[in-house]
Every structure is written in structure tokens, then in C-alpha cells.
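Chemist: Take a look at this one; I'll ask things after.
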Amino acid sequence: MEIIVQENLPFLSEITIHYGGQSTTIHNVLVDCGSAGTAAETDFLIDIGILEDDPRDQWLSLRGIGGIERVRQKVVDITIGGVTIYDFPLQVGALGYGYDINGIVGFDLLVATKAVMDYGNLEVTFAEEK
Amino acid sequence: MTWEEARALHPNQWLVVEIIQSHDEESWNILDDIAVLEVCPSAQVAYHHHQRSQRQHPQRDLVAIHTSYTEGRMAITFRGVGPRRQDGDYRTGKLAISE
């Protein structure tokens, strides 16, 4: 999968979120191994019922340079570059970066999908891809 | 009040809550004292009102949360420094490979 450079930052063109038997694809997703978790902008997930209450929901205390923030964490399935990972934690909320970042592929998803970043060729491969 | 008290008062409800006091214990942030600001009819309303209130009061520790959440604590997670975009060409520097 191609690493697309925008604003001098590494993006993936799309990831697909599956929840409650429905799916939606999110574009412009930042690859950020400095983020412990994976996140998505809520607005893109409302159509697949992501706001509904779920006993698996957690709330997290999110720390960063911007200070403390509270964020909801859902359990979803994620497809990225032809690989699907099941029962994966996804932080949902307003990312609020003020520009076009609709999601964050964090360190946890990079590890779970066995991502290999090839910066020389600006490509990333995941577990099953050869 | 405690989160447990808020849950007892508002079972199966979406709330906008202010965390008045909390403290960290290892990898958890423990909610010591909270205030229920709003009881909301749906997640959408709770999210919307939370966003609006948080914009108005960026210093306050607010959250939209459902009372099905049993824990009076939240796991601590990190989002690095956030994306630091910059202008110019990301392809920079000269690469030399050592023997």
C-alpha cells in the first residue's frame, strides 16, 4: 500500500471500519507510531451506528502535548491493505487537528498488522501481503 | 459525586460530565469527583453538547459518556505530540552509506 505524503506527513489512502455488521471506508488516515492507539473521526462512523451504546465501550484518558482529553474506545474490525484485524480497539471522537486528518493508524495497529514501512519506496506492507 | 453515584442516579443514560478531580494510579486515571452537567436523550446530543461546551471552556475536563460504563476509572493512553506538519520538501539531507 502506497504511503501518500501530504503536508509532509505520511498518510494511507483508506482504511475500512466494520461495526455491527456494517462497514465504512475512511480516507486520509495518518500513520503515526507516536500515537499509542488508533483513532477515527466520529463523523465518518455515525452511519454504521458507532455512536450506539455497547458494553465493550471503554473511556480513556488521552495524554499528549495538548494536555488531557477523554476519548471513547469502541471494539471494531479494521481492514487495511488487504488485511483484516478483528476485535480491535478504536478511539472515536473529534480529532480536531483543524486539517484533513480523518483517522490515525497508531502503533497498536501497525504492530497488530505486522506493518513493514518502506520509506525508500514510500510503501507499507501488512502481514498477509507479499 | 462519584461515577458510581452518577450511574445510580441516571441509569442507562448519556451524560455530559465534568471531571472535577481525578488522579493517576499506574496506568489508570481514577475519577474522584465528577459533576453531571447534562442528561442527554441520545449519543448524538451528548457528543454535540460536549463538543460545544468543550469549545467554550477548553480548560475544563469534560466528557460525553454513557452510564453503562461501569468503571470509575479510565485507562491512560498516549497520542505522542500530535502530528507536526511543516512546509518545504520532506526529501532533504544527503545520504552517505558507511563501509
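Quick note: the coordinates plus some simple rules give every number you see, no bench work behind them. None of these values were measured; they are calculated from a predicted model. So basically every Cβ, Gly included, is an ideal-geometry build from the backbone, and we count neighbours across all protein chains shown.
Chemist: So A:Tyr99 passes all but one of these: (1) more than 8 Å from every other protein chain (Cβ to nearest Cβ); (2) touching a residue at least 12 places away in the same chain (Cβ under 8 Å); (3) outside any strand (DSSP E or B). Which condition number does it fail?
Modeler: So A:Tyr99 meets the others, but not (1).
Chemist: Let me ask another. Applying the selection to region A:50-96, what residues are of a type in the set (D, E, K, R) and either under 28 Å from A:Val124 (Cα atoms) or at the interface with another protein chain (Cβ under 9 Å from one of its Cβ atoms) (or both)?
Modeler: A:Glu52, A:Asp53, A:Asp54, A:Asp57, A:Arg63, A:Glu69, A:Arg70, A:Arg72, A:Lys74, A:Asp77, A:Asp87 - these are the residues of region A:50-96 that are of a type in the set (D, E, K, R) and either under 28 Å from A:Val124 (Cα atoms) or at the interface with another protein chain (Cβ under 9 Å from one of its Cβ atoms) (or both).
Chemist: With respect to the numbered conditions (1) facing chain A (nearest Cβ under 9 Å); (2) within 14 Å of the chain's Cα centre (by Cα); (3) among the small types (Gly, Ala, Ser), which one is the sole condition not fulfilled by B:Ser42?
Modeler: Looking at each condition in turn, B:Ser42 falls short on (2).
Chemist: Among the residues of region B:47-99, which ones are more than 9 Å from chain A (Cβ to nearest Cβ) and among the aliphatic types (A, V, I, L, M)?
Modeler: B:Leu95, B:Ala96, B:Ile97, listed by residue number.
Chemist: Restricting to region A:70-98, and then to whatever is charged (D, E, K, R) and more than 15 Å from A:Ser23 (Cα to Cα), can you tell me which residue is farthest from the chain's Cα centre (by Cα)?
Modeler: Residue satisfying both the conditions and the ranking: A:Arg70.
Conditions (1) within 30 Å of B:Asn12 (Cβ to Cβ); (2) among the basic types (Lys, Arg); (3) surrounded by 15 or more Cβ atoms within 10 Å (Cβ to Cβ); (4) in contact with a Leu (Cβ under 6 Å, 6 or more places away or on another chain), marked per residue:
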{"residue": "A:Gly37", "(1), (2), (3), (4)": "yes, no, yes, no"}
{"residue": "A:Ile48", "(1), (2), (3), (4)": "yes, no, yes, no"}
{"residue": "A:Gly96", "(1), (2), (3), (4)": "yes, no, no, no"}
{"residue": "A:Asn102", "(1), (2), (3), (4)": "no, no, yes, no"}
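Chemist: Which of the residues spanning region A:19-48 are of a type in the set (Gly, Ala, Ser) and assigned to a loop (DSSP other than H, G, I, E, B)?
Modeler: A:Gly20, A:Gly21, A:Gly34, A:Ala36, A:Gly37
Chemist: Taking the criterion of being outside any loop (DSSP other than H, G, I, E, B) and under 30 Å from A:Glu7 (Cβ atoms), would at least one residue in region B:28-49 satisfy it?
Modeler: Among the residues of region B:28-49, at least one is outside any loop (DSSP other than H, G, I, E, B) and under 30 Å from A:Glu7 (Cβ atoms), which makes the answer yes.
Chemist: I would also like to ask the following. Can you tell me which of (1) among the hydrophobic types (A, V, I, L, M, F, W, C); (2) closer than 18 Å to B:Val17 by Cβ; (3) touching a residue at least 24 places away in the same chain (Cβ under 8 Å) is the one A:Ile68 doesn't meet?
Modeler: (3)
Chemist: Moving to a separate point now. Among the residues of region B:9-16, is there at least one that is facing chain A (nearest Cβ under 10 Å), assigned to a helix (DSSP H, G or I) and within 16 Å of the chain's Cα centre (by Cα)?
Modeler: Looking for residues that are facing chain A (nearest Cβ under 10 Å), assigned to a helix (DSSP H, G or I) and within 16 Å of the chain's Cα centre (by Cα), one finds none in region B:9-16, hence no.
Chemist: Give me the residue from region B:50-99 that is of a type in the set (A, V, I, L, M) and assigned to a loop (DSSP other than H, G, I, E, B) and, out of that set, nearest to A:Arg72 (Cα to Cα).
Modeler: The qualifying residue nearest to A:Arg72 (Cα to Cα) is B:Val81.
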